[in-house]
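The values are calculated or read from the model by the stated rules, or taken from the named source; none is laboratory data. Just so it is clear, the structure is predicted and the values come from calculations on it, not from any experiment. Every residue, glycine among them, receives a Cβ derived from its backbone with ideal geometry; neighbour counts consider all protein chains shown. For accessibility, only protein heavy atoms count, side chains too; no ligands or nucleic acids. Shrake-Rupley method; radii C 1.70, N 1.55, O 1.52, S 1.80 Å.
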Amino acid sequence: MNWYRRLEQRLESGHDSGVIRGSLSGGRMFMIWLAANLVVTTLLTGTLFVPGVDFTTAVIVIIVGTLIGTIVLTLIGNIGTRTGLATMAITRGAFGAKGSFLPVAANVIILMGWSWVQAMLAGISVNYVVAQTTGFSNPILFSVLCQALVVGLAVLGHEGIEKAEPWFALLILLVMAYVFVIAFTGHSPSEYAGIESLSELEFTPVLALDIVISTAISWTVLSGDLNRLASTQKAGIVGAGLGYLTSTVLAMLLGLTAFSFILLDGGDPAEFDPTALAAEFGWALAIVIFLSVMATNTMVVYGMVNSVVGAQSRTKLKFLPTALILGAISIIGSTWLALLDQYTDFLVMIGAFFVPVFAILIADYYIINRRAYSPDILKDSGGVYSYTRGINWVAVGVWILGALASYVLTYAYPSPIGATIPSFAISFVLYLALSWGSREKFAGTDHTHLAERVRGS
């Protein structure tokens with residue numbers, strides 16, 4: 001077990017579970033975020049739009065929705081850069097040390113779901129190509145193998161991510177370029193633009209916009225974890241913003257284009273089905289799917305571990321054993337292939353859970369707390385963020401109302417502008433109004449990185 005102890009000591013000395021003072025440039029942050037979201041789920045999300053909406057509208061929705069989502073993602077990520085805290089540790093400021101257990105629990109559940117979905121999609125894609133080549137077929141086996149590789153990368157901590165992600169990004173981009181060349185040499189841009197919407201499918205541009213924004217929200221749960229690795233705010237904002245925007249637009253456009261290519265060829269592919277794309281583009285697309293899962297699920301498992309380890313400081317959980325336990329659960333869960341049928345509902349759940357959370361965090365940090373958190377945020381009890389027995393009931397209440405608003409505007413009374421933007425606005429304004437009286441309580445906190453304050457205390 002000497003290897004275990006050595007790895008554990010290196011991870012703990014690297015502060016994978018505490019406050020991190022970042023050192024990465026904007027270019028490195030760009031490559032990490034680029035690789036992170038060149039992912040199979042984002043690619044397959046692009047297959048949901050046509051022919052529900054026409055091709056041109058789908059392209060516009062992808063770009064606009066990604067821009068809106070990027071604003072939220074970079075604002076939350078910048079809190080990580082300024083404080084050194086992971087995203088779920090940041091929630092302690094608004095929700096309280098004990099109140100933050102609620103978003104932490106929701107985050108672990110959702111990230112676990114992401115890891116399962118992506119491992120399954122990778123396993124199904126690799127299995128399809130292998131079956132076509134050799135006749136051997138076992139999608140569960142390939143799903144498990146993909147996730148096992150991911151866990152192996154994740155236990156290396158943020159150093160493993162920093163080294164591996166740029167190479168994943170480069171390889172994925174090369175293969176994506178190959179697929180785009182095939183698609184646009186097979187059919188002209190005017191043919192794609194000529195794909196019209198089918199109104200009987202009852203899929204609107206507003207619903208498509210909500211899906212695109214929800215994709216950004218799903219990534220925002222990791223924005224603090226990754227952007228605290230940035231050396232400066234500019235490096236984090238520009239690197240993450242451009243990296244996420246580029247990767248999401250490219251991945252969704254690839255899914256949209258590949259799906260449209262099959263339609264133009266007279267095919268009838270199923271939405272969100274990687275085998276339909278693998279059948280058309282073969283090993284090239286299977287490689288993209290496999291590498292994207294390696295890049296993305298590594299960060300997903302890393303984010304789950306940070307959420308659990310950072311939930312409290314009194315009982316100090318170590319990074320490595322936590323990573324191995326959560327990793328084992330993620331490997332076992334990757335065998336549950338039936339989850340893929342619930343993907344759209346999964347995205348709605350993410351939006352309902354976390355759009356209000358991020359609205360609250362942005363209002364709390366940038367306005368109520370005047371862009372600074374004190375070292376009290378690291379305490380499990382006492383201090384300025386103790387609220388009522390460790391719970392800020394205002395934040396909890398606004399979160400519940402915001403989540404309910406999202407579900408009502410999605411299912412009961414569909415909003416003409418979607419559910420995501422109204423839910424964010426309701427949560428932001430309501431939290432600001434109910435918390436404005438406590439603003440003076442946080443006046444005078446120095447705008448310095450928490451690592452420096454903790455070290456100097």
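Worth pointing out:
- Where the chain is the region considered: accessible area per residue in Å², 1.4 Å probe: 38 Å²
- For trypsin sites (Lys or Arg not before Pro), the sites in the range 378-457 that DSSP calls loop and that have at most 12 other Cβ atoms within 10 Å are ARG389.
- Accessible surface of LEU145 - all protein chains present, 1.4 Å probe, nearest 10 Å²: 90 Å²
- Per residue, the Cα convex hull of the range 39-110 amounts to 121 Å³.
- Along the axis of the charge dipole computed for the chain (Cβ charges of +1 for Lys and Arg, -1 for Asp and Glu, origin at the Cα centre), the listed residues VAL305, ILE289, ASN138 are led at the positive end by VAL305.
- Put simply, the C-alpha atoms of the range 92-157 give a gyration tensor, and the ellipsoid matching it has half-axes of 36, 12, 7 Å, longest first.
- Overall dimensions of the range 239-312 by Cα: Rg and Dmax, Å: 16.2, 56
- Percent of Cα pairs in the range 28-183 per distance bin of 5 Å, from zero to the largest separation: 2, 7, 10, 16, 20, 18, 14, 8, 4, 2, 1, 0.
- Loop-located chymotrypsin sites (Phe, Trp or Tyr not before Pro) in the range 103-149 (DSSP state other than H, G, I, E, B) with a sparse environment of at most 10 neighbouring Cβ atoms within 10 Å: PHE136.
- Relative contact order of the chain, defined on C-alpha pairs under 8 angstrom at six or more residues apart (%): 32 percent
- Its residue count N fixes a reference of 2.2 N^0.38 Å for the range 204-343, and the Cα radius of gyration divided by that reference is 1.27.
- Sites VAL64 and SER381 - FRET efficiency at Förster radius 51 Å, r taken between beta-carbons, to 0.05: 0.70
- Degrees, to the nearest 10: 205-220 long Cα axis against longest axis of the chain: 50 degrees
- Loop chymotrypsin sites (Phe, Trp or Tyr not before Pro), the range 187-229, which have at most 11 other Cβ atoms in a 10 Å radius of their Cβ (DSSP): none
- The count of lysine pairs in the chain whose Cα atoms are under 23 Å apart, excluding pairs fewer than 8 places apart on the same chain, comes to 9.
- Dividing the summed -39500 (n - 2.57) terms of all DSSP H runs of n ≥ 4 by the residue count of the chain sets its mean residue ellipticity at 222 nm at -23000 deg cm²/dmol.
- Solvent accessible area, Å² - MET349, 1.4 Å probe, full protein context: 50 Å²
- Apportionment of accessible area to carbon and sulfur, the chain, percent (1.4 Å): 67 percent
- Along the chain, longest interval not containing exposed GluC sites (Glu not before Pro), exposed being DSSP loop plus at most 14 other Cβ atoms within 10 Å: 203-457
- Relative to the longest principal axis of the Cα atoms of the chain, the long axis of helix 393-407 makes an angle of roughly 20 degrees.
- Against the chain, whose longest principal axis comes from its Cα atoms, helix 283-309 is set at around 20 degrees.
- When the Cα convex hull of the range 319-457 is projected onto planes of every orientation, the mean area is 11.7 nm².
- Evaluated at q = 0.11 Å⁻¹, a Debye calculation over the C-alpha positions of the range 368-450 (equal weights, vacuum) places log10 I(q)/I(0) at -0.41.
- Between the listed residues THR45, PRO414, GLY241, the Cα displaced farthest toward the positive end of the dipole of the chain, a dipole computed from Cβ unit charges relative to the Cα centre, is found at GLY241.
- For the chain, the dipole from Cβ point charges (+1 on Lys and Arg, -1 on Asp and Glu) about the Cα centre works out to 2420 debye, to the nearest 20.
- If you model the range 21-81 as an ellipsoid using its alpha carbon gyration tensor, with each semi-axis the square root of five times an eigenvalue, the axes come out at 29, 13, 9 Å, biggest first.
- For the range 185-287, the convex hull spanned by the alpha carbon atoms encloses 150 Å³ per residue.
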